[in-house]
Structure formats: C-alpha cells, structure tokens
Amino acid sequence: MTKRNRRTHSPAFKAKVALAALKGDKTLAELAQQFDVHPNQITDWKKQLQERVADVFEVGSAAPSAPPVDVKVLHAKIGQLTLENDFFRKRAQQGGTAGRKAMIDRDHALPVTQQAKLVGISRSSAYYQSRGVSEADLKLMRRIDELHLEHPFAGARMLVRLLRREGIKVGRRHVSTLMKRMGVEALYRKPNTSRKHAAHRIWPYLLRHRKIDRANQVWALDTSYIPMARGFVYLTAVVDWASRRVLAHRVAITLESCHAVEALEEAFAKYGLPEIVNTDQGSQFTATEFTDAVLSRNVLLSMDGKGAWRDNVFVERVWRSVKYEEVYLKAYDSVSHARRSIGNYLNWYNQNRPHSRLADQTPDEAYFATLPAIKSAA
C-alpha cells in the first residue's frame, strides 16, 4: 500500500475555502468534495478566519529600532518562559483528546510530532482525520429524523428496534452517534447526572405556572436538523410562544451561536423586545455571544431544565409542521435552494396556515391581535 504524502495548503487556498464556507451557499459535504479537503478542516479554517478578520483593520505603528541586548535580562526571560511553558503544557494535557488535537497547528515551524508530545497525544492521533458523512448515513439520519418527529420519546435503543423492523440493520452506538450529530434527543424526564461547565452558565427556567396569552410575551428559539439531497443544514427559528408565529430564522451549514444571534437580532429589530427568551441548553444558546445579546437588552433569559421537559413539545410541533409539510416533500439540491424554499414555506405558514389551538386563526392573525405596544430594540 502506497503511503499518502502529507498535504500542505497555501494561505491563499485556506482563505478561499474559508470564505466559501462563510458564504454558506454550499454544505460542508459539497465544499469538501469541491476543494478535496475534510469537512472538519473547513470548519477550522472558517473559525480561524472569523477570529482573525478584525486584525486586518488594526492600525500598526512603525517598528521601533531594536534596543541593546542585556544578557542577564535575556537569561531571566528564558527561565521565565521555561516555567510558563511547563505550566501551559501541564494544563493542556488536562483537557480532552479532541481539545488537545485542536491545538495542533500544522503550519507552525515546530514539528507536528513535537506539538503532539507537548499537548500529550500520540502522533497518530494528531494526523488522524475522521471520515465525512457517507450517503448511507445521510439516508439513515433522515429516517431517524422522521421517526423522532413521530415518536419524540424514543431514544437510541427504541429507534434501533424500529429501524430493524423496517429491515435496517444498525447498532445502538451508531444511532446514538448520529443523533448527537443531528442535535436530536429523546424527550423524557432525566436524572440530573451531569455537572454544568463553569464557562457555560445554565439560566433558570422561568415559564413554570406562567400564563402565556399575548404576543411578545415569550419567544422561543430552537435549532433543527434539515436533510438535503446531499448533506444537511441546520434551521434556527425564533417563534412567538402565544401565536406560534415564526419571527425570524436562519439556515446555516454549521451549528454555531452566531446564527442564533443573527436570527434573534433580526426579530428584535422587526418586532421589538419580548419579556422572556426561552431556549434549550444547546451549546449555541449557552454561549456568551448569545446570552449577552439577550441580557444586554434587559430581556429575561430562560432555559429548559429539570422538570420542564414537556415544554420542548411546543417547538417540536412547529418543527413537525415544517418538516412534514415542506422539508420531506422536497430534495434540496443546494443551500440556496433550501433557504429559498423554507423561507417561502414559513411565509405561507405565518400568513395562511390555520391552527386549531388558535381557534383556526393563522399565526399572523393571532400575533397581531394580541400585540401590545412594540418596545424599541435600540
């Protein structure tokens, strides 16, 4: 077997790929095929571009002339750097393998083998590239999504049994892995067995025993997996709780907090401020970028938690309508096609689709009938 030579990419190539991902017109699978790179690599380059783009506009000052070298000070600095490097190496090795692997910089002058040694992972782990999503897995993910809408209480074990009755042979661990990738989770009361990360505060649930009967009283945000002909995207929506009206949405190729923030700020600009914004505990909603966008406007933030599992059912009903009446009837051939078609459906959903829970009113009719004076989002 011939050994594949290690590939190196120029900064210009990385920038081109990152800009294509930032544009969001193609799925990660399509971009990976177009540029012949792994989807994880594309995600990394996109994040690097977003983090460093502000540096382009920084005003640099002229470099001062080099001062004379003081050998004693230089030796002291070397000792200090030795201690600091030892400190950071020990701290880096306390994280998980995925986090330590993310620290590897293939373009750095320090060899990858040495970098792997410093962060405490094997050389093979540093070079390993996970496989992309296969066509078979994409079909399986779509069926899992359909079964989840029909049986939202079904976990990985029950889904395996349901799939096997359809002649699909698959293991529980594989189904569990795909569910995590899709952001799908069974709806049921669970014991509080996990500790909350210090960097991701979980806000209390504020809707228990609260009567919600008017527009802009409570907004809900959630993100759902959307299958395409090739690959998949994520749909994030801002929904008015009382009227079921979709106030804003975003279709994106990655699951990041920035897309939730964009949708929320669009809703703020168009419809004013709600009293409460409610979300689940997904990473895109616990991120500081999102929580700051809510709290900086003196809006209360609520998150589903222990004892509030049934409140997910409200948003699940919206996703059920979107998927059975739009997504599953289409095979989107591009991200732009998905954005356009889903946008058209949501306009129809708001303006023309009657709801039995709203006394056969449309979401638009129910929203504007109970809309109080709009507060400015400025």
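The values are calculated or read from the model by the stated rules, or taken from the named source; none is laboratory data. All values reported here derive from a predicted model rather than from experimental measurement. A quick note on method: Cβ atoms are made from the backbone with ideal geometry, for glycine too, and the neighbour counts reach across all protein chains shown. Keep in mind that these areas ignore ligands, DNA and RNA; they rest on the heavy atoms of the full protein, side chains included. Shrake-Rupley method; radii C 1.70, N 1.55, O 1.52, S 1.80 Å.
In table form, for the structure just shown:
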{"read-out": "Carbon + sulfur, % of accessible area of region 218-368 - ligands and nucleic acids excluded, 1.4 Å", "value": "47 percent"}
{"read-out": "Kirkwood hydrodynamic radius of region 218-368, from inverse mean 1/r over distinct Cα pairs, in Å", "value": "15.8 Å"}
{"read-out": "Simple spin-label estimate for Val56 and Thr113 in nanometres, 7 Å along Cα-Cβ", "value": "3.8 nm"}
{"read-out": "FRET efficiency for Ala359 and Arg165, using Cβ-Cβ distance with R0 set to 45 Å, rounded to 0.05", "value": "0.70"}
{"read-out": "Stretchable slack from Met103 to Thr8, in nm (0.36 nm times residue separation minus alpha-carbon distance)", "value": "32.5 nm"}
{"read-out": "Point-to-point label distance, Asp25-Val313, nm (Cα→Cβ direction, 7 Å offset)", "value": "4.4 nm"}
{"read-out": "Nearest-10 value in Å² for the accessible area of His259, using the 1.4 Å probe", "value": "30 Å²"}
{"read-out": "Long pairs among Lys26/Lys323; Lys16/Lys47; Lys23/Lys47; Lys270/Lys330; Lys169/Lys323, criterion Cα-Cα beyond 23 Å", "value": "Lys270/Lys330; Lys169/Lys323"}
{"read-out": "Set of aspartates and glutamates near Lys180 by C-alpha distance (under 19 Å), chain-local residues within fewer than 8 positions excluded", "value": "Glu135, Asp137, Asp145, Glu146, Glu150, Asp222, Glu256, Asp280, Asp304, Glu316"}
{"read-out": "Trypsin sites (Lys or Arg not before Pro) within region 120-170, DSSP loop, no more than 15 other Cβ atoms inside 10 Å", "value": "Arg131, Lys169"}
{"read-out": "For region 232-275 and region 105-167, distance of Cα centres in Å", "value": "27 Å"}
{"read-out": "Relative contact order (%) - criterion: Cα under 8 Å, at least six apart; region: region 218-368", "value": "23 percent"}
